[in-house]
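Working notes, structure below.
The values are calculated or read from the model by the stated rules, or taken from the named source; none is laboratory data. The model shown is predicted, which means the values in this text are computed figures rather than measured ones. Ideal geometry is used to build each Cβ from the backbone, glycine not excepted, and the neighbour counts take in all protein chains shown. Side chains are part of the model used for accessible areas, which takes the heavy atoms of the whole protein and leaves out ligands, DNA and RNA. Shrake-Rupley method; radii C 1.70, N 1.55, O 1.52, S 1.80 Å.
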Amino acid sequence: MAKVVKIAEFPDDGRLWRIDWLGAVQHNEKNIPTENTIDVYLRPVDPQRTTDFGMKITERVCRQVGVGQLPLLTIGSLWHKGQLLDDIRAVQRQTNLHSVLVNSSTVKLIKAGHQDEGNYAISKFHFDIGGIQNGLSANCLAIERNGDPYGIIIPVSEVIRFYYASSSDLSNIAFSGMYENDFDSMVGEFHHMHPEQDMFIIELKQWLEDNDGWTIGRLLQEPCADEAFKLIHRSLVKQSVNTLHKKAMPETNFPFQGRTNWTAHCLNIQSGGKNRTLILELLHCTAPFPFSDLHVIRKNDGRKADPETDISDDDKIECWPNTKVTKPCPDNDIPLQSETEAYRYAKKDSITLKANRFAALENKKIHKDTKEQCKYKASQLIPCQSIVATGLGTGLGTTGDSTIIPVQITVTAEDEEKVRRQREKALEASFETMMQAVRLLNQYSNTKASIRQSRDGYFIPLASAKTRQWSYLDSKKKKYRSVLVADIQVDERYFWLVEFEQRKADKCTSALIEIPNHYSDNELLQLLRGLAREYGIWRNIKHSLDLKIVSMKHTWSTPRAYAEAVYNRTITDFN
């Protein structure tokens, strides 16, 4: 995500804030009738204790944010001066939940404050949601696991965000009831399976993104997905009768039945002596889709037509020009906001989130026909209005005066192989000598060495909430220092070799660390956090791990000399 994301409603006091929970949905009480808002609960956290969700932190604030921003609102995400700290979460570790059975017998809707045998299903000691008037009355889905009906618990808001709200438009559709009450404004006359292929064909209206077709197609082809999506709005309507159209807690269910493997950011909690998993943020799901491929039909999507079949410019109709929008430079200061409706005729801005959520869609491309003719051409008219943008909005927009420009937040899949190649290329530029040295270490008969792999790479974590700090390679651009870690085994002993990116004036060392064989990314992250607090000085690190750390100055002239230095140190410095 290249664009800096800032939410105007979030605290801007210089402290580090964490999203702890999402609660009630209500009509926008300010000035955006086209978009509901959702209650977002945040707490200030110590950068060194971001995983503490218990009762020690009593300060909490609630902010109402437009539901079109839901794709950004993950529990455990960290925010500083209203800005999302991208690629960093309160709980960094990813948990794999294998062979989770999802069906009507194993899944049930519960309140976050549900009690099981006199104990809260979600222990307030491990995760303090709040009181009954706010987060405690929000809905969750409990999934049976190892005989415990509450073995896995996931907030309903997270189920909606992950499965149904992969864009601002889909989120607004889910909470407004448009899918059930105004379907023709979303989809044209074509929405059916291909007669011979496992392909769904759908005609989307111009305002929807191509990727929205995957979700809408799933709703149309999977009855349980259709019912679960409709339940989101139906539950709000049902509750509003008793709350005088004020706050309501949404309900939903999963869009599939059967077994799945999940990857997620989780908290392991205990309640009544039982070990349970609370899912904060879903990352990946292996459940199947009801079709393998998607074909999107467009009647007017702004693409150019095939020159051989297109009509002449003289026969085309001029489009009415968009309003001219002037942005601050740089435009990082334009925040998302939920107080003023966006101007509908301004060109829409975009925020793209890269994530491979579904195994069934990996490496899938959306099919589209070549456009034979384009009936419209760019207007030569001068825009009738020019505005200076002061904010971004995810509502449907107004035709009245507004300095807010519309924005579309979209989750799209990334080419993992391309990302891997780009990351390796970047690593080679910064760590070329170490990477060559690691390969050379394997020439020793008693040694195995390889670069440690991580889906998102390794970075120096933040040590505080300050704008400028050592963890950043470039504080202005919020660019973290990359870290390269090698796993080394010499006979029956295990080591990490660690280097991190340095600024031109830095003179830090690499480190060779002997570790127990079972150490994982959790211990590595703890070590890197200590390194950040000590500004890259390995000998000053204070940690609870039983480790011996040997600093290594960059005195070698070749990769082979580096490899020899590392191997000799493993023999002489750790006895």
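Side notes on the structure shown:
- Within segment 96-134, backbone nitrogen closer than 16 Å to the virtual label 7 Å beyond the Cα of Arg234 toward Cβ: 104, 109
- Full-extension gain in nm, Cys62 to Ser105, via 0.36 nm per residue minus C-alpha separation: 12.0 nm
- Where a label projected 7 Å from the Cα of Asp13 along Cα→Cβ would reach, residues of segment 62-94 with amide N under 13 Å: 62, 81-82
- Peptides 65-71, 204-210, 182-188 ranked from most to least packed by the mean count of surrounding Cβ atoms within 10 Å: 65-71, 204-210, 182-188.
- Full-extension gain in nm, Lys81 to Asp401, via 0.36 nm per residue minus C-alpha separation: 112.3 nm
- Long-range amide H partners of Tyr494 with built H, under 5 Å: Ile515
- Accessible surface computed residue by residue for the chain, with neighbouring protein chains in place and a 1.4 Å probe, gives 48 Å² per residue.
- Once backbone amide H atoms are built at 1.01 Å from N, Tyr150 has Arg145 as its partners under 5 Å, excluding neighbours fewer than 5 places away on the same chain.
- Residue ranges 4-14, 249-259 sort as 249-259, 4-14 when ordered by packing (mean number of other C-beta atoms within 10 Å per residue, highest first).
- Note on Glu117 and Lys448: with the Förster distance fixed at 35 Å, the Cβ-Cβ geometry gives a FRET efficiency of about 0.10.
- Net dipole in debye of the chain [+1 Lys, Arg Cβ; -1 Asp, Glu Cβ; about Cα centre; nearest 20]: 2060 debye
- Near Thr286, once Lys and Arg are set to +1 and Asp and Glu to -1 for all other residues with Cβ below 12 Å from its Cβ, the sum equals +1.
- Accessible area in the full protein assembly, largest first, 1.4 Å probe, for Phe459, Phe574: Phe459, Phe574
- Approximate spin-label separation Thr352-Asn268, in nm, with each point projected 7 Å along Cα-to-Cβ: 3.8 nm
- Cross-linked pairs Lys205/Lys347; Lys478/Lys504; Lys246/Lys348; Lys6/Lys81; Lys81/Lys476; Lys478/Lys553: Cα-Cα separations exceed 19 Å for Lys246/Lys348; Lys478/Lys553.
- Heavy-atom surface analysis with a 1.4 Å probe gives the chain a carbon and sulfur content of 47 percent of its accessible area.
- Within segment 425-571: Cβ-based charge dipole about Cα centre, in debye rounded to nearest 20 (Lys, Arg +1; Asp, Glu -1): 800 debye
- Inter-label distance for Ser551 and Lys477, nm, one decimal - labels placed 7 Å from Cα along Cα-to-Cβ: 2.8 nm
- Charge dipole (the chain, unit charges on Cβ, about Cα centre) - positive-most of Tyr480, Ser520, Gly530: Gly530
- Asp506 paired with Arg439, simple spin-label distance in nm, labels 7 Å along Cα-to-beta-carbon: 2.4 nm
- Potential extension, Gln197-Asp226 segment - 0.36 nm per residue separation minus Cα distance: 8.2 nm
- MRE, 222 nm, helices only [DSSP H, n ≥ 4, -39500 (n - 2.57), over the chain, to nearest 500]: -5500 deg cm²/dmol
- In terms of the mean number of neighbouring beta-carbon atoms within 10 Å, the peptides 494-505, 164-175 order highest first as 164-175, 494-505.
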